[in-house]
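Below: one structure, written as structure tokens.
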Amino acid sequence: MERSIALLWELYANPEGLSASDLARRLDTQRTALYRLLRPFLRTQFIRRDDRKRYYLGFGITALARAVAEPIENLVRDSLQKLADDTDCSAMIIADTDGILVTVASAGPQRPGMHVAAPPGFVHENNDVALRAIDAGRGVAATEPLADAAGFSNAIGGLATTIALPLHVPIIGSDACILLASVTPFRLDDVLPLLSRAVEEVARSQRS
């Protein structure tokens with residue numbers, strides 16, 4: 001099972017496709033064992049192979065992803081879209097899935113312009129802001145004074161200005177946060193009340 005999961009993650013991380021030799025090397029297995037592993041994934045279209053014998057994630061994955069994402073999106077869509085439009089920032093819910101931070105729902109401002117994109121399924125490899133907010137929600141001591149005091153964290157500079165607050169929604173099934181991201185700087189005092197309201201709305205909609 002662990003090797004099957006590792007296989008899917010390797011293909012996720014390499015959208016240009018991988019050969020059988022590449023996969024066998026990355027998974028530290030023999031090609032014979034690899035082909036046995038691939039067979040049921042190919043049959044169910046979770047993995048596909050092109051005419052160059054390179055392997056990719058298949059469209060069968062989308063059916064599973066949709067079954068996971070749709071109940072969450074139906075719950076949070078209106079609140080996230082309003083938050084994005086009111087702040088002119090991209091709004092996303094990021095969950096910690098066994099140490100991997102993944103977007104589970106997102107909304108961008110409807111106003112034209114350049115906005116941050118992190119659609120559902122996007123893996124955040126170095127998102128310290130989201131991680132600090134999630135840790136604050138767990139009660140983990142944070143190193144940032146801002147997170148210590150209010151349970152949120154922000155970062156300015158680099159590609160985006162971001163802020164996040166912890167979110168507790170049982171349907172997500174893991175620790176999460178709502179994060180705002182913008183390619184232009186924003187004032188903390190302007191967006192924090194709107195972010196706090198969205199967190200409360202999403203949590204309330206789960207209880208209703």
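Residues are listed down the side, and each one gets a yes or a no for (1) part of a helix (DSSP H, G or I); (2) surrounded by fewer than 23 Cβ atoms within 10 Å (Cβ to Cβ); (3) over 15 Å from the mean Cα position of the chain (by Cα):
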site: Ser174; (1), (2), (3): no, yes, no
site: Leu179; (1), (2), (3): no, no, no
site: Pro185; (1), (2), (3): no, yes, yes
site: Pro193; (1), (2), (3): yes, yes, yes
site: Ser196; (1), (2), (3): yes, yes, yes
site: Val202; (1), (2), (3): yes, no, yes
site: Gln206; (1), (2), (3): yes, yes, yes
Can you tell me which condition Tyr35 does not meet? The list is (1) closer than 17 Å to Pro119 by Cβ; (2) without any contact (Cβ under 8 Å) to a residue 60 or more places away in the chain, and all the others hold. (1)
Residues that are farther than 15 Å from Val104 by Cα and at pLDDT below 90, drawn from segment 164-189: Val183, Thr184, Pro185, Phe186, Arg187, Leu188, Asp189
Can you find a residue in segment 23-45 that is in a strand (DSSP E or B), open to solvent by 30 Å² or more (accessible area, probe 1.4 Å) and either in contact with a Phe, Trp or Tyr (Cβ under 9 Å, 6 or more places away or on another chain) or not polar (S, T, N, Q) (or both)? no
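The values are calculated or read from the model by the stated rules, or taken from the named source; none is laboratory data. These numbers were taken from a predicted model, which means no experiment stands behind them. Virtual Cβ from ideal backbone geometry, glycine too; neighbours counted across all protein chains shown. Ligands, DNA and RNA are excluded from the accessible area calculation, which covers all protein heavy atoms including side chains. Shrake-Rupley method; radii C 1.70, N 1.55, O 1.52, S 1.80 Å.
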